[in-house]
1. With a bin width of 5 angstrom, please list the P(r) values of segment 15-57 as percents of all Cα-Cα pairs, from the 0 bin to the one holding the largest distance.
2. Between segment 32-78 and segment 258-289, how many Å separate their Cα centres?
3. Just to confirm, what accessible area per residue do you get for segment 3-52 at 1.4 Å probe, in whole Å²?
4. With a 1.4 Å probe and all protein chains kept in place, how much accessible area does residue 326 have, in Å² rounded to the nearest 10?
5. Taking θ = phi - 60°, what integer Hz values does the Karplus form 6.51 cos²θ - 1.76 cosθ + 1.60 yield along segment 70-85, in sequence order, with x for Gly and Pro?
6. Could you give the accessible area per residue of segment 195-240, probe 1.4 Å, as a whole number in Å²?
7. Which net charge results when you count Lys and Arg as +1 and Asp and Glu as -1 among the other residues whose beta-carbon is under 11 Å from that of residue 20?
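The values are calculated or read from the model by the stated rules, or taken from the named source; none is laboratory data. As the structure is a prediction and not an experimental result, all values here were calculated from the model. Note that we place each Cβ from the backbone using ideal geometry, even for glycine, and neighbour counts take in every protein chain shown. Protein only, heavy atoms only, side chains kept; ligands, DNA and RNA dropped before computing areas. Shrake-Rupley method; radii C 1.70, N 1.55, O 1.52, S 1.80 Å.
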Amino acid sequence: MTDLIEELRAIPEFKGLPPNQLEWLADKGTVVAYSDGDMVFKRGDVIDHLRILLKGEVHYYIQQAGSQRHLGRVERYEITGQLPFSRLKSAAGSGVVKGDALVFSLHKNYFLEMIQNHYELVEVLVHVMTDRVRDFTKQQQQDEKMMALGKLSAGLAHELNNPSAAVVRSAHELKRHLSNETDNFKRLIRIQATDEGVDKVQSMLVSWIAKSKGLSFTLMEKTSLEDDLNDWMGENDIEINEELAETLAQFGIGPSELESIKALLRPQDVIPIIQWINKILTTEQLVGEIEEAAKRINALVTSVKGYTHMDQTPEKELGDIHIGIRNTLTMLNHKFKKNSITLTENYQMGLPQAMIYVSPINQVWTNLIDNALDALEGTPGSKLEIKTERKNEFIQVSIIDNGPGIATDIIDKIFDPFFTTKAIGKGTGLGLEVVRQIVNQHQGKIEVTSTPGRTCFMVCLPLGQDER
């Protein structure tokens, strides 16, 4: 008994406690010995004891995505388990002993007596509980941010994959295409043409390239034109080249255009000039593909920068909420495509600006839209509508999905911290709590209505003073 009291006295939080309270704690509690690998508790166990580790270590694990994830450890003299006024009910994971361990336990049945007769001890334990909640909340918020970052990173990787692959593919093809073809080069430099003839050929080529920008062929029309070009090459004793015919057809060049070129040249110059034209057109085509892919990459990078509001201090400023919403949609575009979700953007034109913290508000759109997309997963004919409009001195943003809806018995809890209907590893229950905090920070409000087939989250943000 004396040794146990001395052990309890060595606990940093218990220093200064009246001796009689330590004696009471030692008298009412028990000490349990554990060996290496023993399980102090497992997931789902009722937590009904205050526990203090007197010797050894206990490591926390949680089952996630089919494997055990290490969450942390309890070291000597740490206070854990059930505490006075705590709402902790059951274990979310497992506690496994490393080395030999001694654990002091006090059943919660003694808490009422403690509260009535041992104020200083209760005060210490309440402080421990407050610190534990604060640390746990910080960790969960960090997990929520990392989870959101992981989703955005996966989406960006998916979105960037196609244009970056297109750049690599087109650059490789361009390099191959521009490599010297000795025979054609020799024929090309032997061409004898007047300045007038050269100018006409060049003018025709420029004109064909310009006209091709607005061309639109059906597959049947393009195939027919390629067949006509192959026939023309055969009639003019030119070796049939399907790649050449495909390139010419892509730019709307047919037999009549080639006849115009032929009329300006000596017979022996026709083939090298057509090959030269093919080089120019193919280069134009590949450079265009690289340009389009690069624009797509640039648009994604610009959206990321606008989404995170990089390089700017976190101060309120007048902002167009549509920019943040569109940037968010760009970040989540992969989920729309993956689940074949139809998006409707119903924005009020000329909407005034709101005074906002740009990056936090973008986090609001991300959480709400991402939740809606998750809810729509597996819904036939899934649709998401984003609507903006002015409501008196507020801008109202409505995010509406036609998913299964939110059950009436939980709709009042969805903004509570740590409440989630998602599986472990998919949500921490802080997304909507963070949304509410950010909206409140803006002196706004958020409401939700839900029935099967229609769930609507409405966010109201006050207009800037100059916009009212």
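1. 5, 14, 22, 24, 17, 11, 7, 1
2. A separation of 76 Å, based on Cα centres.
3. 54 Å²
4. So the heavy atoms of residue 326 present about 110 Å² to solvent.
5. Values per residue, Gly and Pro as x: 7, 9, x, 9, 9, 10, 3, 6, 7, 9, 8, x, 6, 10, x, 6 Hz.
6. It amounts to 71 Å² per residue over segment 195-240.
7. Numbers: positive: none; negative: 23, 27, 120.
Taking every other residue near residue 20 into account, the sum is -3.
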